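The values are calculated or read from the model by the stated rules, or taken from the named source; none is laboratory data. These numbers come from a predicted model, not from an experiment. Reconstructed Cβ throughout: ideal geometry from the backbone, glycine too, with neighbour counts over all protein chains shown.
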Amino acid sequence: MKKLIVCRHGEIDADRRLSLRGEAQIRDLSELLRPHVVGDVSEVLVMTSTALRAIGSARILIHALGIPGTRVHRDDLLWSGDGPKPRDDFAALVYVETLAPHAETLVVVTHLEYCLSLPSGYALRNGLKSVPPQLAVNRGQARVLDCETGECVTVGGSGS
């Protein structure tokens, strides 16, 4: 894997589903992520939380980037907070590491906590340079870890 992209879902409505603003945020994010995607889209793998807000965000990314639907994995493990499984940063990191050999670019669509922990955890466990801690990743933003250089950047506009 050359790039790990960890996206926070877009803005949500009262039903905790992706709102119209959230959809626009993810469409905008898709365009900003395009230059960070390494390899052919057939070499991109997407992992998403089973939360409707994350699935909705993943669908927009998949469509905008032209990623085949067969390259998408959904898992309750990627929930945090009020999800069906308790948050487990280590298990999520192991899941990422398990799928990493199968993609040039791995895109994870999830929630705030994993956007903060996955890039730095992956860098640490794989001997990359230290990724500076990040205190927040807004809805509709992503952290992009270059797995060859260890550089990590936040991509996307502001949200909440």
**Q.** Positions within the stretch 138-160 being touching a Gly at 6+ places or on another chain (Cβ under 9 Å), under 18 Å from Pro35 (Cβ atoms) and not in a strand (DSSP E or B), in sequence order
**A.** Gly140, Gln141, Gly156, Gly157
**Q.** Identity of the residue in the stretch 102-115, part of a strand (DSSP E or B) and touching a Ser or Thr at 6+ places or on another chain (Cβ under 9 Å), that ends up nearest to Arg34 (Cα to Cα)
**A.** Val107
Q) Checking Gly127 against (1) at negative phi; (2) loosely packed, with under 13 Cβ neighbours inside 10 Å, which test does it fail? A) (1)
Q. Only one of (1) within 16 Å of Gln25 (Cβ to Cβ); (2) surrounded by 14 or more Cβ atoms within 10 Å (Cβ to Cβ); (3) of a type in the set (A, V, I, L, M, F, W, C); (4) without any contact (Cβ under 8 Å) to a residue 60 or more places away in the chain fails for Ala136. Which number is that?
A. (2)
Q.
With under 28 Å from Arg21 (Cβ atoms), in contact with a Ser or Thr (Cβ under 6 Å, 6 or more places away or on another chain) and either among the aliphatic types (A, V, I, L, M) or assigned to a loop (DSSP other than H, G, I, E, B) (or both) as the only criterion, which of Leu135, Leu118, Leu61 stands out?
A. Leu61
Q: Considering each of Val6, Val108, Val44, Val94 in turn, give the residue that is surrounded by 15 or more Cβ atoms within 10 Å (Cβ to Cβ), out of contact with any Phe, Trp or Tyr (no Cβ under 8 Å at 6 or more places or on another chain) and among the β-branched types (Val, Ile, Thr).
A: Val44
Q.
For the stretch 12-54, give me the residue count where each residue is more than 17 Å from Gln141 (Cα to Cα), among the acidic types (Asp, Glu) and in a helix (DSSP H, G or I).
A. 1
Q: Out of Asp82, Asp75, report the one residue that is among the acidic types (Asp, Glu) and loosely packed, with under 15 Cβ neighbours inside 10 Å.
A: Asp82
Q: Specify the residue that is nearest to Glu11 (Cα to Cα); the eligible residues are those in the stretch 66-101 that are of a type in the set (Val, Ile, Thr) and outside any loop (DSSP other than H, G, I, E, B).
A: Val72
(Q) Tell me the residue from Ile67, Ile60 that is at pLDDT 95 or above, in contact with a helix residue (DSSP H, G or I) (Cβ under 8 Å, 6 or more places away or on another chain) and either surrounded by 14 or more Cβ atoms within 10 Å (Cβ to Cβ) or within 17 Å of Arg27 (Cα to Cα) (or both), please. (A) Ile60
